[in-house]
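K.L.:
Can you read through this structure? Questions will come right after.
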Amino acid sequence: MTLYLPTRHVALPPEAWDPGRAQAWLKRWAADALAVRARQDWPVHPRDAEEPVPADGYKSLYLGASGVWLALARVAAAGLCELPGSLPRIFEQVLEQYTRSPDTGERVPSWFLGESALLTLCCLAEPDAHKADRLAEMIHDNRTNPTREALWGAPGTMLAALFLHEATGDERWAELIRDSAAALWESWIHDEGRDVWLWEQDLYGQRLRYVGAGHGWAGNLYPLWRARALLSAEQQAELRARTLQGLVHLAEVDGGLANWPPLTEGPPKPLLQWCHGAPGIITSLRHAELPEALPLLLQGARLIAAAGPLEKGVGLCHGTGGNGAALLEMYRRTQDDTSWLERARELAMWALGQSEADFSRYGQWRYSLWTGDAGLACFLMDCLAGQSRGMPGIDSLW
């Protein structure tokens, strides 16, 4: 059984973990990013450009300025750079830019590509009743988004309510979490052939059933598990049963290794990255108390370690950084097995080399949290600390 495509990965000689080199890269990247921003908006990398590109660049959490500022705030907190102003003002300026020139051409609620994450960052940096009202309305209105996935739909905008409820304890956000969870529950369907509970995505003109963290089953499970204390006892028990059932029935296992397919139908395409495959399955279950699942997740982690860095670059979504973040999550889960920290740091060193080679080729950094160097910065910070803060923009903000 083919669990991953070796042609999508690159063979690089292993390098010993070098915290000094990681810190030097972080200082250089942050200094360059701040110097560029002082003169102009961060340029869109050629590999991220999708027509039409906004004249003032992207602003969103996934591709744009808000994600880069999130990473810079983390680097600044470690004393490796200094922000040019306060976070409330920085995020307010990005929101103003987004309002004038949305990334996708129109204002959308999407957590990754739209307005909800920007409003959340602003409200957390500095409480604002008007922004909170707009955000609450946006979360409610997006509850039945037919995509039923994290990028555009309720599983993404639920994160806004989760972050604000965890920060404030306000019941308003708890009600919105329950409301979105109820909509997800209502659209959860049983696939008789596979004996697994799935969601159907009405996405980009197609109706499909995705499995991974980027668009499908795993990404939808994440906010439900994070919100489990707000669910009924019956829902909590059902969530546990359906998650375990899906993990086992959707897994493809061979020789002590495991992966999960991007889709439940169609020709096989064994991807091994955060958005589709074992890395996203592992990170999406961060809040799931499922000791029974650990052996299968370990098989997925072993496949990630064996496959090595991804050819597509360093990004969290479909690059080496995201796979390394999954191994850091496995280190957190196993607690005393330092081999996972060592493997994650090995991927970090590979990613450093990939980033430097990419900079030499294009003459610029890839200013993006989920496809480029800002995400690598967050991954490196966790490797330096020897602990996982989870996926930036999902598990934690700055």
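The values are calculated or read from the model by the stated rules, or taken from the named source; none is laboratory data. Not measured: the values here are computed from a predicted model. FYI the Cβ positions are ideal-geometry reconstructions off the backbone, even for glycines, and counts take in every protein chain you see. These area figures cover heavy atoms from the full protein model, side chains too; ligands, DNA and RNA do not enter into them. Shrake-Rupley method; radii C 1.70, N 1.55, O 1.52, S 1.80 Å.
K.L.:
Which one is nearest to GLY277 (Cα to Cα) among residues in the stretch 222-237 that are open to solvent by less than 20 Å² (accessible area, probe 1.4 Å) and under 23 Å from the mean Cα position of the chain (by Cα)?
P.N.:
Checked the stretch 222-237; the qualifying residue nearest to GLY277 (Cα to Cα) is TYR222.
K.L.:
To continue, here is another question. Looking at the stretch 179-223 only, could you name the residues that are out of contact with any Pro (no Cβ under 8 Å at 6 or more places or on another chain) and part of a helix (DSSP H, G or I)?
P.N.:
Within the stretch 179-223, ASP179, ALA182, ALA183, TRP185, GLU186, TRP217, ALA218, LEU221 qualify.
K.L.:
Between a first residue in the stretch 178-191 that is at pLDDT 95 or above and a second residue that is basic (Lys, Arg), which pairs have beta carbons less than 6 Å apart while being 6 or more apart in sequence or on different chains?
P.N.:
Correct list of pairs: ASP179/ARG143; SER180/ARG143; ALA183/ARG143; SER187/ARG148.
K.L.:
Something else: Name the single residue, out of those in the stretch 282-293 being more than 20 Å from the chain's Cα centre (by Cα) and in a helix (DSSP H, G or I), that is nearest to PRO155 (Cα to Cα).
P.N.:
Here the answer is ALA293.
K.L.:
Return yes or no: is ARG343 open to solvent by 20 Å² or more (accessible area, probe 1.4 Å), farther than 30 Å from GLY246 by Cα, basic (Lys, Arg) and modelled with pLDDT of 95 or more?
P.N.:
For ARG343, the condition - open to solvent by 20 Å² or more (accessible area, probe 1.4 Å), farther than 30 Å from GLY246 by Cα, basic (Lys, Arg) and modelled with pLDDT of 95 or more - is not met.
K.L.:
Shifting gears a bit: Go through the stretch 248-281 residue by residue and tally those that are farther than 14 Å from ALA213 by Cα and not in a loop (DSSP other than H, G, I, E, B).
P.N.:
7
K.L.:
Identify the single condition in (1) more than 18 Å from PRO13 (Cα to Cα); (2) of a type outside the set (Ser, Thr, Tyr); (3) within 17 Å of the chain's Cα centre (by Cα); (4) buried (at least 24 other Cβ atoms within 10 Å of the Cβ) that GLY300 does not satisfy, given that it satisfies every other one.
P.N.:
(3)
K.L.:
Which of the helices (runs of 4 or more DSSP H) contained wholly in the stretch 26-127 include at least 3 residues that are open to solvent by 30 Å² or more (accessible area, probe 1.4 Å) and modelled with pLDDT of 95 or more?
P.N.:
87-100
K.L.:
Suppose the filter is open to solvent by 10 Å² or more (accessible area, probe 1.4 Å), within 22 Å of GLY67 (Cα to Cα) and either touching a Lys or Arg at 6+ places or on another chain (Cβ under 6 Å) or free of Cβ contacts under 8 Å to residues at least 60 places away in the same chain (or both); does SER396 pass it?
P.N.:
yes
This table checks each residue for (1) open to solvent by 10 Å² or more (accessible area, probe 1.4 Å); (2) farther than 22 Å from THR157 by Cα; (3) touching a His at 6+ places or on another chain (Cβ under 7 Å).
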position: ASN220; (1), (2), (3): no, no, no
position: LEU239; (1), (2), (3): no, no, no
position: PRO268; (1), (2), (3): yes, yes, no
position: PRO295; (1), (2), (3): yes, yes, no
position: LEU310; (1), (2), (3): no, yes, yes
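K.L.:
List, please: which pairs have Cβ atoms under 7 Å, are six or more places apart or on different chains, and start with a residue in the stretch 240-255 that is over 14 Å from GLY277 (Cβ atoms) and touching a residue at least 24 places away in the same chain (Cβ under 8 Å) and end with one that is open to solvent by 40 Å² or more (accessible area, probe 1.4 Å) and assigned to a helix (DSSP H, G or I)?
P.N.:
Going by the 7 Å Cβ cut-off, the qualifying pairs are LEU244/GLU292.
K.L.:
Among the residues of the stretch 320-369, what is the count of those that are small (Gly, Ala, Ser), free of Cβ contacts under 8 Å to residues at least 40 places away in the same chain and either under 20 Å from LEU303 (Cβ atoms) or part of a loop (DSSP other than H, G, I, E, B) (or both)? Spell out the reasoning first.
P.N.:
The first filter runs over the stretch 320-369 and keeps only residues small (Gly, Ala, Ser), leaving 321-322, 324-326, 339, 344, 348, 351, 353, 355, 357, 360, 363, 368.
Next, only the ones that are free of Cβ contacts under 8 Å to residues at least 40 places away in the same chain stay: 339, 344, 357, 360, 363.
Among the residues that remain, those that are also either under 20 Å from LEU303 (Cβ atoms) or part of a loop (DSSP other than H, G, I, E, B) (or both) are: 339, 344, 363.
Total meeting the criteria: 3.
K.L.:
Looking at THR157, THR168, which one is under 29 Å from ALA129 (Cβ atoms), among the hydroxyl-bearing types (Ser, Thr, Tyr), open to solvent by 10 Å² or more (accessible area, probe 1.4 Å) and out of contact with any strand residue (DSSP E or B) (no Cβ under 7 Å at 6 or more places or on another chain)?
P.N.:
Testing whether each residue is under 29 Å from ALA129 (Cβ atoms), among the hydroxyl-bearing types (Ser, Thr, Tyr), open to solvent by 10 Å² or more (accessible area, probe 1.4 Å) and out of contact with any strand residue (DSSP E or B) (no Cβ under 7 Å at 6 or more places or on another chain) leaves just THR168.
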